[in-house]
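The values are calculated or read from the model by the stated rules, or taken from the named source; none is laboratory data. These numbers were taken from a predicted model, which means no experiment stands behind them. Glycine also receives a Cβ, built like all others from the backbone with ideal geometry; neighbour counts cover every protein chain displayed. Remember, those area values only see protein heavy atoms, side chains included, never the ligands or the DNA or RNA. Shrake-Rupley method; radii C 1.70, N 1.55, O 1.52, S 1.80 Å.
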Amino acid sequence: MRFTGFAAMAAAALIAGTALVAPAAAEDRKDWPSEITIGTASQGGTYFVYGNGLAAFIGEALKVNASGEVTGGPVQNATLVQTGEHAIGLMTMGPAREAWTGKSELAPGLEHSDLRALFPMYMTPFQGIAMTGSGIGSVTELGGKRVAVGPAGGTPGTYWPRFLETLGVKADLSYAGASDAAGQLKDGLIDGFVFAAGVPISAFSQLAAEADVKMFGFTDAELARILEAHPEVSALTIPAGTYPGHDDPQNTVAMWNFAVAHADMPDSLAYEIVKLVMENNDRMRQIHASAADTVLENVDKNGFLPFHPGAVRYYEEKGLVIRDELKG
């Protein structure tokens, strides 16, 4: 694996504006990697911002060269972590569960049994956007239109086609990263863009600043059908004012995200990463506002994936009870 068997690293440093990160003892760092890669998603999405910010924070505080890498999103991230290509992957729990049970669209039949949860990130709402002049204001109205659904292998690219099928909406679907899809919408190459990321979605914010757009979630009737057919998501309301100039709340569905590591990550490194993230929420929220949900209260939002032993150690030190079946 890329992230095992490397030389010991220097002690952790004090980061300006954050708490002092207690360094691991030298003997605990002997098998730490010299570098780690964090799988994110396409540029313009929350994973890209969150993952690269997390990498920079780990590098500064733990003195390990860390970097974020553009990927197709959670489906690909699960396989990249399982095979040891990436040390950490950002994942929504729907694709993570499918990978865990051998039902990944990218690697069907391969049970991703080496995935281990580190910490909760945030909920990923599903949201749509179209130019106001298109007349599109709901998911059902995407029927017969050209619609981008995010990158293939990512959470939106996996689940939006399923949602559209559930609702009986037949559209001409294309797959593209958030930045590319936003540009295509603005240039009139597509009619609608549906995505999933922590809000505010940066590509949506940019479109709202540059063009006259309409954002939408699900109508009450659409929402009821989605919740019945897809138990892996839950109802969520995106508050009014999340995007400047958009003052109506949007009812939609969302899925939880977790940072996930390979089982072979050294326990002490997993412990220090979880400690770093959980004890510096102000810094995490500077990376992205969605990290307001990256807190101990949301550790229980993972109901199936075993936690890394280093994560378990930290959570139990903080008084959380981790069920035996979730101890990796």
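Once region 235-257 is narrowed to residues that are of a type in the set (S, T, N, Q) and within 18 Å of the chain's Cα centre (by Cα), the residue that is farthest from SER205 (Cα to Cα) is ASN257.
The residues on offer are ASN298, ASN257, ASN251, and the sole one that is buried (at least 24 other Cβ atoms within 10 Å of the Cβ), within 30 Å of ILE129 (Cα to Cα) and of a type in the set (S, T, N, Q) is ASN257. Of all the criteria given as (1) open to solvent by less than 50 Å² (accessible area, probe 1.4 Å); (2) more than 24 Å from ALA254 (Cα to Cα), the one not satisfied by ILE287 is (2). I'd like to know if region 119-133 contains one or more residues that are within 13 Å of the chain's Cα centre (by Cα) and among the hydroxyl-bearing types (Ser, Thr, Tyr). Yes; the residues of region 119-133 include at least one that is within 13 Å of the chain's Cα centre (by Cα) and among the hydroxyl-bearing types (Ser, Thr, Tyr).
How many residues does region 32-59 contain that are open to solvent by less than 10 Å² (accessible area, probe 1.4 Å) and not hydroxyl-bearing (Ser, Thr, Tyr)? The total comes to 11. Within region 302-328, if we keep just the residues that are surrounded by 16 or more Cβ atoms within 10 Å (Cβ to Cβ) and closer than 12 Å to PRO120 by Cβ, the residue that is modelled with the lowest pLDDT turns out to be ASN302.
In region 209-220, what count of residues is obtained for those that are touching a helix residue (DSSP H, G or I) at 6+ places or on another chain (Cβ under 9 Å) and open to solvent by 30 Å² or more (accessible area, probe 1.4 Å)? Outline the logic, then answer.
So the first thing to find is which residues in region 209-220 are touching a helix residue (DSSP H, G or I) at 6+ places or on another chain (Cβ under 9 Å), and the list is 210-219.
Add one more test, that the residue is open to solvent by 30 Å² or more (accessible area, probe 1.4 Å), and what stays is 210, 212, 214, 219.
Of the residues in that region, 4 qualify.
Only residues that are open to solvent by less than 40 Å² (accessible area, probe 1.4 Å), without any contact (Cβ under 8 Å) to a residue 60 or more places away in the chain and not small (Gly, Ala, Ser) were counted across region 157-184, and they come to 5. Of the residues making up region 114-129, none is hydrophobic (A, V, I, L, M, F, W, C), open to solvent by less than 30 Å² (accessible area, probe 1.4 Å) and part of a loop (DSSP other than H, G, I, E, B). Of the residues contained in region 263-274, one or more are found to be touching a residue at least 24 places away in the same chain (Cβ under 8 Å), in a loop (DSSP other than H, G, I, E, B), acidic (Asp, Glu) and under 19 Å from VAL64 (Cα atoms). Hey, can you tell me all the residues within region 185-208 that are open to solvent by 30 Å² or more (accessible area, probe 1.4 Å) and either more than 19 Å from SER290 (Cβ to Cβ) or not hydrophobic (A, V, I, L, M, F, W, C) (or both)? Selection gives LYS186, ASP187, GLY188, LEU189, ASP191, PRO200, SER202, SER205, GLN206. Listed by first and then second residue, the pairs with beta-carbon distance under 7 Å, at least 6 apart or on different chains, first residue in region 247-262 and among the small types (Gly, Ala, Ser), second not in a strand (DSSP E or B), are ALA254/VAL233; ALA261/VAL81; ALA261/ALA87; ALA261/ALA270; ALA261/HIS308.
Screening SER234 with (1) open to solvent by 20 Å² or more (accessible area, probe 1.4 Å); (2) at pLDDT 95 or above gives one miss only, at (2). Evaluation of ARG97 against the conditions (1) open to solvent by 20 Å² or more (accessible area, probe 1.4 Å); (2) over 13 Å from PHE304 (Cβ atoms) shows that the sole unmet condition is (2). Within region 302-328, residues that are more than 13 Å from ALA117 (Cβ to Cβ) reach partners that are surrounded by 20 or more Cβ atoms within 10 Å (Cβ to Cβ) and not hydrophobic (A, V, I, L, M, F, W, C) with beta carbons closer than 7 Å, at six or more positions or on different chains, in the pairs ARG313/TYR271.
Filtering region 217-231 to residues that are of a type outside the set (Phe, Trp, Tyr) and either outside any helix (DSSP H, G or I) or free of Cβ contacts under 8 Å to residues at least 60 places away in the same chain (or both) leaves GLY217, THR219, ASP220, ALA221, LEU223, ALA224, ARG225, LEU227, GLU228, HIS230, PRO231. Out of the residues in region 15-47 that are among the small types (Gly, Ala, Ser) and under 21 Å from TYR122 (Cα atoms), state the one that is modelled with the highest pLDDT. Filtering first and then ranking leaves GLY39.
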